[in-house]
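Single-structure report; data block below.
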Amino acid sequence: MALVVQKFGGTSVGTVERIQNVAHRVIATKRQGNQVIVVVSAMSGDTDRLLNLARQIDDRPERNERELDVLLASGEQVTIALLALAIESQGEKARSLLGHQVAIRTDRDHTRARILEIDKQRVQSALDEGRIVVVAGFQGVDEEGDLTTLGRGGSDTSAVAVAAGLRADVCDIFTDVDGIYTTDPNLCRTARKLDRISYDEMLELASLGAKVLQIRSVEFAKKYGIPIHVRSSFSDAEGTLVCREDEAMEKAIVSGVAYNKNEAKITMIGVPDRPGIAAQVFSAIAGKGIVVDMIIQNVSEEGLTDLTFTVPKDDFQRSMAIVHNLCTEIGAKDAVGDERIAKISIVGIGMRTHARVASRMFEALARENVNIMMISTSEIKISCVIAEKYTELAVRVLHDEFQLDRSAEEREYI
Ligand code: ADP
Ligand code: ASP
Ligand code: MG
């Protein structure tokens, strides 16, 4: 008998009919002779709705993260109860469990907590009683017994962590697309579904904006060697296997394009060029819990330089306030910000050994007159910051340029 973990995202449980459909699917899996744990998200739009309610009371509810978590965790409570009811009404035994009932233990970092440990006992005994266990995604409990949430998209991580904790044989992530594509299929018509993708490439895609899997779920899967099968909750089609790099994988130089519209850019102008300034600027920002992504410092002229970096859009106003204070403190001339930017990235393990990938990316963007404001590279990715209004165009142009609509063997540019 195999132990199967199946996770269903917000769209997949977005209506009562869809919840009944999920019940049908998990029952079918059980009746094939498996033990089944189902992890679910809140109904689509529900987490945003809760967040908006909080914002009507406090424009920065993050300041009271404990209460925000109590609120946000309620979305998943609704879906586990409805799904357990649906399973029972279709003739199988179910048991819904909240994060703290499982228990999924996390650190105390509210709204972005990390899972530390999963208690197997309660889930195991429900399975032993022949029940389908329905676990609330996105939530856990800290050492004080307080509710925590795992960051947006966190149900993916709940599912992989439960699969790791209970040593499941299979971890299926059911979503509203039928696998991992070469880029967001909702943005690019020619996006192509991949049969397999390595943990490392998926980690890059996720961290660069492909929200199909939360990055921490991929980190977990890689650490514990759990293959994730990403597939559609609306069909039986094979999806994409996220797994260790192997011989059967496409030998692509570029395997995907990702975009992220959730960052903003800040430039400090006329910054004195002397030791300790960068340390002072970035410790002031990090001190407020703001995570800086790309950083560029220009060559200095007459002892002054410009410093540009990106921060999450949600932290933009706070960052600008900090930066204006810093300008006075260190004697910089001014600071300007731009919220209408996007980061476009290409990812591929083959880039490690191939030259000219970056120049092709820049040439393709130049042909469409898309100006590049910032560039950053690593072994297996290249990212460019551009104006937000060119996001879709840039994604399509890069997808075409690297012929991602064809399998790696059929591409002609190598
Ligand atoms: P769920 O609610 O099931 O967790 P999400 O909305 O979090 O689903 O993630 C699925 C979405 O991810 C898709 O609808 C798609 O628009 C987006 N996406 C972005 N990049 C990709 C990609 N490379 N492959 C597949 N989907 C992608
Ligand atoms: N409901 C949470 C969110 O909207 C968690 C998830 O969907 O994975 O981010
Ligand atoms: Mg998601």
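The values are calculated or read from the model by the stated rules, or taken from the named source; none is laboratory data. These numbers were taken from a predicted model, which means no experiment stands behind them. Quick reminder, even Gly has a Cβ in these numbers, built from the backbone with ideal geometry, and neighbours come from all protein chains shown.
Test G348 against the criterion of being of a type in the set (G, A, S) and surrounded by 15 or more Cβ atoms within 10 Å (Cβ to Cβ), and give yes or no.
Spelling it out, G348 is indeed of a type in the set (G, A, S) and surrounded by 15 or more Cβ atoms within 10 Å (Cβ to Cβ).
Restricting attention to the stretch 246-280, and to residues there that are more than 23 Å from the chain's Cα centre (by Cα) and in a strand (DSSP E or B), which single residue is farthest from V311 (Cα to Cα)?
P272
In this structure, is G287 out of contact with any helix residue (DSSP H, G or I) (no Cβ under 7 Å at 6 or more places or on another chain) and not aliphatic (A, V, I, L, M)?
In short, yes.
Could you tell me which of the residues K265, K261 is under 30 Å from M361 (Cβ atoms), touching a strand residue (DSSP E or B) at 6+ places or on another chain (Cβ under 6 Å) and surrounded by fewer than 16 Cβ atoms within 10 Å (Cβ to Cβ)?
Result of the check over K265, K261: K261.
In the stretch 110-157, how many are more than 16 Å from the chain's Cα centre (by Cα) and among the small types (G, A, S)?
Residues meeting the conditions: 6.
Would you be able to say whether some residue in the stretch 384-405 is exposed (fewer than 14 other Cβ atoms within 10 Å of the Cβ), touching an Asp or Glu at 6+ places or on another chain (Cβ under 8 Å) and within 23 Å of K211 (Cβ to Cβ)?
Checked the stretch 384-405: no residue is exposed (fewer than 14 other Cβ atoms within 10 Å of the Cβ), touching an Asp or Glu at 6+ places or on another chain (Cβ under 8 Å) and within 23 Å of K211 (Cβ to Cβ).
Looking at V36 and the list (1) away from ligand 3 (no atom under 16 Å from the Cβ); (2) farther than 20 Å from G99 by Cβ, which single condition is not satisfied?
The single condition V36 does not satisfy is (2).
Within the stretch 134-146, which residues are in contact (Cβ under 8 Å) with a residue 40 or more places away in the chain and either within 16 Å of D119 (Cβ to Cβ) or surrounded by fewer than 24 Cβ atoms within 10 Å (Cβ to Cβ) (or both)?
Those that are in contact (Cβ under 8 Å) with a residue 40 or more places away in the chain and either within 16 Å of D119 (Cβ to Cβ) or surrounded by fewer than 24 Cβ atoms within 10 Å (Cβ to Cβ) (or both): V135, A136, Q139, G140, V141, G145, D146.
Can you work out which of the residues in the stretch 35-59 that are surrounded by fewer than 17 Cβ atoms within 10 Å (Cβ to Cβ) and acidic (D, E) is nearest to G140 (Cα to Cα)?
Taking the candidates together, the pick is D48.
Which one of these does I104 not meet: (1) surrounded by fewer than 23 Cβ atoms within 10 Å (Cβ to Cβ); (2) among the β-branched types (V, I, T); (3) within 24 Å of V123 (Cβ to Cβ)?
Result: I104 fails condition (1) only.
May I ask you to list the residues in the stretch 282-317 that are assigned to a helix (DSSP H, G or I) and either farther than 27 Å from I372 by Cβ or more than 28 Å from the chain's Cα centre (by Cα) (or both)?
Matches in the stretch 282-317: S283, A284.
Just one of (1) touching a Phe, Trp or Tyr at 6+ places or on another chain (Cβ under 8 Å); (2) touching a residue at least 12 places away in the same chain (Cβ under 8 Å); (3) buried (at least 18 other Cβ atoms within 10 Å of the Cβ) trips up E339, so point out which.
Tallying (1) touching a Phe, Trp or Tyr at 6+ places or on another chain (Cβ under 8 Å); (2) touching a residue at least 12 places away in the same chain (Cβ under 8 Å); (3) buried (at least 18 other Cβ atoms within 10 Å of the Cβ), E339 fails exactly one: (3).
Can you name every one of the strands (runs of 3 or more DSSP E) wholly within the stretch 328-396 that holds 1 or more residues which are closer than 30 Å to D246 by Cβ and in contact with a helix residue (DSSP H, G or I) (Cβ under 9 Å, 6 or more places away or on another chain)?
In the stretch 328-396, the matching strands (runs of 3 or more DSSP E) lie at 341-347, 374-378, 381-387.
Looking only at the stretch 194-215, count how many residues are out of contact with any strand residue (DSSP E or B) (no Cβ under 8 Å at 6 or more places or on another chain), more than 11 Å from ligand 3 (Cβ to nearest atom) and among the charged types (D, E, K, R).
1
Go through (1) modelled with pLDDT under 95; (2) more than 21 Å from R152 (Cβ to Cβ) and name the single condition I290 misses.
Checking I290 against (1) modelled with pLDDT under 95; (2) more than 21 Å from R152 (Cβ to Cβ), the one that fails is (2).
Filter the stretch 1-50 down to residues that are among the small types (G, A, S) and closer than 25 Å to Q124 by Cβ and give me whichever is farthest from ligand 2 (Cβ to nearest atom).
Ranking the qualifying residues of the stretch 1-50, first place goes to G33.
Being within 16 Å of ligand 2 (Cβ to nearest atom), closer than 21 Å to A163 by Cβ and in contact with a Phe, Trp or Tyr (Cβ under 6 Å, 6 or more places away or on another chain): is that true of V134 here?
no
Could you pull out every one of the strands (runs of 3 or more DSSP E) wholly within the stretch 1-119 that has 3 or more residues that are within 27 Å of G179 (Cα to Cα) and more than 16 Å from ligand 1 (Cβ to nearest atom)?
Hits in the stretch 1-119: 35-40.
I'd like the residue in the stretch 116-133 that is of a type in the set (G, A, S) and either within 15 Å of ligand 3 (Cβ to nearest atom) or in contact (Cβ under 8 Å) with a residue 24 or more places away in the chain (or both) and, out of all such residues, is nearest to V70 (Cα to Cα).
My answer is A126.
Give the residue that is surrounded by the fewest Cβ atoms within 10 Å (Cβ to Cβ), with candidates limited to residues of the stretch 167-220 that are among the small types (G, A, S) and assigned to a loop (DSSP other than H, G, I, E, B).
G209
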